[in-house]
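Note sheet for the following structure.
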Amino acid sequence: MSITKKSRNFHLLQSKIAYFSWCDIIASSMTNFWKTLAKPIMALAPMADVTDPAFRIIIAKYGKPDVMWTEFVSADGLFRGGREALIGDLAFTEGERPIAAQFFTSSPVMMEQAARLALELGFDGVDINMGCPDKGVEKQGAGAALIKNPARAREVLRAAKRGTGGHIPVSVKTRIGYSRNEIETWLPLLLEEEPAAITIHARTRKEKSDVPAHWDVIKRAVLIRDHSRSPTLILGNGDVVDLADARAKALETGADGIMLGRAIFGNPWLWSGRPFYSISLEEKLRVLVEHTKLFEQLLGARKNFAIMKKHYKAYVQGFDGAKELRLRLMEAKDVLEVEHVVEAYLGGEVRVRELLQKVA
Ligand SMILES: Cc1cc2nc3c(=O)[nH]c(=O)nc-3n(C[C@H](O)[C@H](O)[C@H](O)COP(=O)(O)O)c2cc1C
């Protein structure tokens, strides 16, 4: 072998060693929490102005799912002047881990920066929103609009991976298509980019939440993934009412995990295994007050107290006198008033129970 050929081979070998060791470094420093979770993975859906830092603390305390997401956060907003207002949405506590930060943008540059920030903030993963039907989000070419722009969707996904430097996994949350079911083309395209997981809300953008979720498409999505031998996990989402329903849907479709959203309204015990009917009214009301206190403490300075009112509607229902109590809570302007209404109600309840016992 000539010297030049020998040295060329040596360089090739060297670059291979360099390549392998670089991969090894990435692989060994990559903490892919997805691989540590037992299946079916139970995930809490990101829901803007619902699964905020306050409610997530409550959920983690009373019935923790396997994985949580932040509400979606505008990557552009973070780096174009809105950081102070938005950074609070990325607050989380240790008890919520593993937790992914969800971002929306159509800009690869912004996504790369947002993913880097998520890494710095200690998140366990980064999730890209490719399913939001909100007009304001879509106008920016983000959310569900990315389904119509697959080339950009790829770029944004690659940018997120660059931003995390391979240290934490990147996932995608999307829908089955824009105006019609496009799972046969949209999913393979995403799989080619090898996100760690793809959550599929089983409706099109056009359908929003107006029709029942198409769980048959989730089953098909799992087959497409299996056929392509992709390592990406598939999570199904849409209309799941409780844990039993989630397990049944995982079994029926073969999905690696199930994401639940609206089922958590008024029921932070969802993943506790405790049946909802077994939770006393007093416990519900005490948690309602605890939730309100956390909201005021963490978000009171920058979010409207009215956000709590939809929680009150959900906590306070299904018992005699619920409507009257709800109305009183709706009028409350801060945590002190809420506490007062609840204590007055519970005091009255206890007195009624004592009287009934005396009569009996
Ligand atoms: C109030 C509300 C806010 C939502 N915000 C987000 C969000 O920030 N990011 C996201 O990917 N999806 C968001 N979604 C969609 C949910 O994550 C989920 O896909 C949808 O509610 C269907 O699941 P479900 O039937 O279990 O609720 C939101 C849904 C609701 C109802």
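Taking θ as phi - 60° and the Karplus parameters 6.51, -1.76 and 1.60, the scalar couplings of segment 233-248 work out to 7, 10, 10, x, 8, x, 6, 6, 9, 7, 4, 4, 4, 4, 5, 5 Hz in sequence order, x denoting glycine and proline.
A cut-off of 5 Å between modelled amide H atoms, ignoring neighbours fewer than 5 places along the same chain, links VAL73 with GLN102, PHE103, PHE104. Taking Cα atoms only, the orientation of helix 183-192 departs from the longest principal axis of the chain by about 60 degrees. This model, with +1 at the C-beta of Lys and Arg and -1 at the C-beta of Asp and Glu, gives the chain a dipole about its Cα centre of some 1040 debye.
Going through the cross-link list LYS64/LYS161; LYS135/LYS293; LYS284/LYS333, which pairs have a Cα-Cα distance over 31 Å in this structure?
Numbers: LYS64/LYS161 28 Å; LYS135/LYS293 33 Å; LYS284/LYS333 20 Å.
Exceeds cut-off: LYS135/LYS293.
Could you check which residue among GLU296, GLU331, GLU207 shows the biggest mean-square fluctuation in a GNM of the chain with a 10 Å Cα cutoff? Judging by the Gaussian network model, the answer is GLU331.
Quick one: helix 281-299 against the long Cα principal axis of the chain, what's the angle to the nearest 10°, folded into 0 to 90? For 281-299 against the chain, the angle is about 50 degrees.
Please identify which residues in segment 293-315 have an amide N closer than 20 Å to a label point set 7 Å out from the Cα of GLU343, following the Cα→Cβ vector. Correct set: 293-297. Given an 8 Å cut-off on Cα distances and at least 6 residues of separation, report the relative contact order of segment 280-359 as a percent. Relative contact order for segment 280-359 comes out at 33 percent. Bridgeable lysines around LYS139 (alpha carbons under 17 Å apart, same-chain partners fewer than 8 residues away excluded): LYS148, LYS206, LYS208. A simple charge model with +1 on the Cβ of Lys and Arg, -1 on the Cβ of Asp and Glu and nothing else charged puts the dipole of segment 75-225 at about 500 debye relative to its Cα centre.
Take the Cα of GLU282, step 7 Å toward its Cβ, do the same at ALA322, and the gap between the two points is 2.0 nm. Extension gain for GLU192 to ALA301 (0.36 nm times residue separation, less C-alpha to C-alpha distance): 34.9 nm. Here segment 80-128 and segment 281-350 have alpha carbon centers that stand 30 Å from each other. For segment 100-107, 3J(HN,Hα) computed residue by residue from phi via the Karplus equation (6.51, -1.76, 1.60; θ = phi - 60°) reads 9, 8, 9, 10, 10, 5, 10, 9 Hz, glycine and proline entered as x. Over 27 Å between C-alpha atoms is what I'm after, so list which of LYS39/LYS61; LYS35/LYS303; LYS173/LYS323 land there. Those over the limit are LYS35/LYS303; LYS173/LYS323. Our estimate of slack between LYS293 and GLU94, defined as 0.36 nm per intervening residue step minus the Cα-Cα distance, is 69.7 nm. In degrees from 0 to 90, rounded to the nearest 10, what is the angle of the helix 215-227 Cα long axis to the longest principal axis of the chain? Helix 215-227 sits at roughly 30 degrees to that axis. From the square roots a ≥ b ≥ c of the eigenvalues of the alpha-carbon gyration tensor of segment 28-264, which class results: rounded (a/c under 1.5), prolate (a/b over b/c), or oblate? Rounded, since a/c falls under 1.5. With θ taken as phi - 60° and the Karplus curve 6.51 cos²θ - 1.76 cosθ + 1.60 applied, the whole-hertz 3J(HN,Hα) list for segment 324-339 is 5, 5, 4, 4, 5, 5, 5, 7, 5, 9, 7, 5, 4, 5, 4, 4 Hz, x standing for glycine and proline. Amide H contacts under 5 Å for THR199: VAL172, LYS173, THR174, LEU235, restricted to partners 5 or more places along the chain or on a different chain, H placed in the peptide plane at 1.01 Å from N. Using a simple spin-label model with pseudo-atoms 7 Å out from Cα toward Cβ, ARG262 and ARG229 lie 4.1 nm apart. Measuring nothing but how far apart in sequence close Cα pairs (under 8 Å, 6+ apart) lie, relative to its length, the chain scores a relative contact order of 14 percent.
With R₀ set to 30 Å, the beta-carbon distance separating ASP49 from ARG180 gives a calculated FRET efficiency near 0.50.
Any read-out appearing in this document is the output of simple, stated calculations on the displayed coordinates, not a laboratory observation. All of these numbers come straight from a predicted model, not from anything done at the bench. Cβ: placed from backbone, ideal geometry, glycine included. Neighbour counts: every protein chain shown.
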